[in-house]
There are 2 protein chains.
Amino acid sequence: MSALAASILSGDPRAIARGISLVENETQEGPALVRELFERSGRAFIVGVTGAPGAGKSTLVDGIVSRWRKAGRTVGVLAVDPTSPFSGGAMLGDRVRMQAHAQDAGVFIRSMATRGHLGGLARATTDAALVLDAAGKDFVAIETVGVGQDEVEIARTADVSIVVLVPGMGDEVQALKAGVMEIADIFVVNKADRDGADRAVAEIESLLGLHTYPEGQWRPAIVRTEATTGRGLDDLVEVITRFGKQSSTIDLRRRSRARTQLRAVLAARLMQQVESRVSEMDMDNLVDRIAARTLDPYTAADQVLGVSGLKGPGSQS
Amino acid sequence: MSALAASILSGDPRAIARGISLVENETQEGPALVRELFERSGRAFIVGVTGAPGAGKSTLVDGIVSRWRKAGRTVGVLAVDPTSPFSGGAMLGDRVRMQAHAQDAGVFIRSMATRGHLGGLARATTDAALVLDAAGKDFVAIETVGVGQDEVEIARTADVSIVVLVPGMGDEVQALKAGVMEIADIFVVNKADRDGADRAVAEIESLLGLHTYPEGQWRPAIVRTEATTGRGLDDLVEVITRFGKQSSTIDLRRRSRARTQLRAVLAARLMQQVESRVSEMDMDNLVDRIAARTLDPYTAADQVLGVSGLKGPGSQS
């Protein structure tokens, strides 16, 4: 075992930070670390928190973390920002809110921004959660800004998915609700003191009413909170704990996560192979011809696969 | 040339609808259609509109479309909803707002939801825009809900990217601004009658001040609008037109789009090959072992690539 892996397993914060940096970058060191840590992971309970901008997710996570800490549990927080593909650290402003925990060795907080290619963030987040898990954190909270497919993918890496809504965020929230419906295990109506909270709860209830939840299957819960005052947070923590006891659901979730991980790693590996076999100049030449409309991207892709030797007998064109 | 391609080129709305359905599905018929239409595309000007939920994008797009129509131009609208991976049509509610154009043969409106795998929506949107382009639409507006990486990818498929903000949407909007900074050619501060509009404009200005825009390079414009009253929309249309005259910027954008398309098609092709060569049962078995923590996803991916014959001499592990 490498010294880094050993330090991570002992819970050393500097080693954890270094480990997360390794899995964030698309080098071979990340996978090597994951291989070392993998068998020692699987104990942490991973909580995904997603929702529209301005819904108060950071404050909510802060409040949940405080309650876990009071109960003597250790926590890792990953603040994921898929909106920031070019510059890391866009969430640092939000992290300031979590300064309450900055001096607490039982809480490890890290911002993650998009690196590399599409799908890379979901893979990196999964691996970063694994590092925190292997380091012995009891809970890992993954907070994502936004409500797009990235967030759905990231939510799929969690054991439980919390979707945060606020009353009166406009008509499009209705569409969002429908979209995140399938990933939400727990709906939080935050800022529940606002006008429209009852209506929001009623709307979620009516959406839930359209589905049938067989005996033994989790029916999404709805919790009202006021994250800024802490109202409702004890309820929320209790519902999270209750969800965690549904072992059959958790097993299904972890299997689905395993599949997502495998697909993501495969996609990244295959693209690496293409890039290692086709010269930058050849790629540029194809891009020029596509841009000039003399070659379509599908025919170009066939050419790349032919040149790279990756187009075998099983392929179609 | 197929009858479908010929009908699309003649602008037949039913053929356009059929063509977009084909490129949405991950079958071989979509690529075949793109191949036929590709050389006949490249004339439309593609306008991407993105921003947070509730920012008023639909109303804004509606207003822009009206102005283009008054100028005698034909328009295609793609309303893309990356938040809805499971159920299509989540944006249909929004589309009701565009009923003003429902009887206008010069406007083609279509909602698109996520299909298939990560990255699939960006590819499908690009191909759908190409169908509208080949059908002779002068403008194609691509409206996306949300502000995640999907939207960034989709914005990259446009000739010009408009990012819509509203005053007072909470602290996280600051983070969003930083994230979408690099993709925005035009910032729209919508609902500009609200408190905080001046501050929003000043904040964008100060962000723009951090960058240097060399002579000849487009400096992102800021336009204030009130989409519901139409105030500022003439300005916005004028700025879009002005951007379209920056041919060197447009060329760069189209080259970047060509590269994105090629990568997306390659990724999809490679994954198809894996799936055609590795049985579902073998994949299930690997997933089981990952979930049981007896096999890590990187080693599993190596096994899949080995079995599928896709792991050649150029690969690393």
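Legend: mean number of C-beta atoms from other chains within 10 angstrom of residue C-beta atoms, peptide A:26-36, equals 2.
Averaged over the residues of peptide B:284-291, the number of Cβ atoms from other protein chains lying within 10 Å of each residue's Cβ is 5.
Estimated at 0.36 nm per residue, the fully extended path between residue A:229 and residue A:17 surpasses their Cα-Cα distance by 73.2 nm. Taken along the Cα-to-beta-carbon direction at a fixed 7 Å, the label points for residue A:103 and residue A:294 span 6.8 nm.
Taking 0.36 nm per residue of separation and subtracting the current Cα-Cα distance, fully stretching the chain between residue B:241 and residue B:2 would add 82.6 nm. Shielding by partners for peptide A:45-52, expressed as the average number of C-beta atoms from other protein chains within 10 Å of each residue's C-beta, is 1.
If packing is taken as the mean number of other Cβ atoms within 10 Å per residue, what is the order of B:220-227, A:227-234, highest first? Working shown, then result.
Working: B:220-227: 20.9, A:227-234: 16.6.
The peptides rank, most packed first, as B:220-227, A:227-234.
Taking Cβ atoms as reference points and 14 Å as the exclusive limit, the residues near residue A:281 contribute a net charge of -2, counting Lys and Arg as +1 and Asp and Glu as -1.
FRET efficiency for the residue B:43 to residue A:206 pair, using the beta carbon distance and R₀ = 60 Å, is estimated at 0.85.
Take A:66-77, B:279-290, B:153-164 and order them by the average number of nearby Cβ atoms within 10 Å per residue, most first; the result is B:153-164, A:66-77, B:279-290. Couplings for region B:246-255, taken from phi via the Karplus curve 6.51 cos²θ - 1.76 cosθ + 1.60 with θ = phi - 60°, read 7, 4, 5, 5, 4, 4, 4, 4, 6, 5 Hz in order; Gly and Pro are left as x.
Since every read-out is calculated from the coordinates, none of them should be taken as a lab result. Keep in mind that what you see is a predicted model, and the values were worked out from it rather than measured. Don't worry about glycine lacking a Cβ; one is built from the backbone with ideal geometry, like all the others, and counts go over all protein chains shown.
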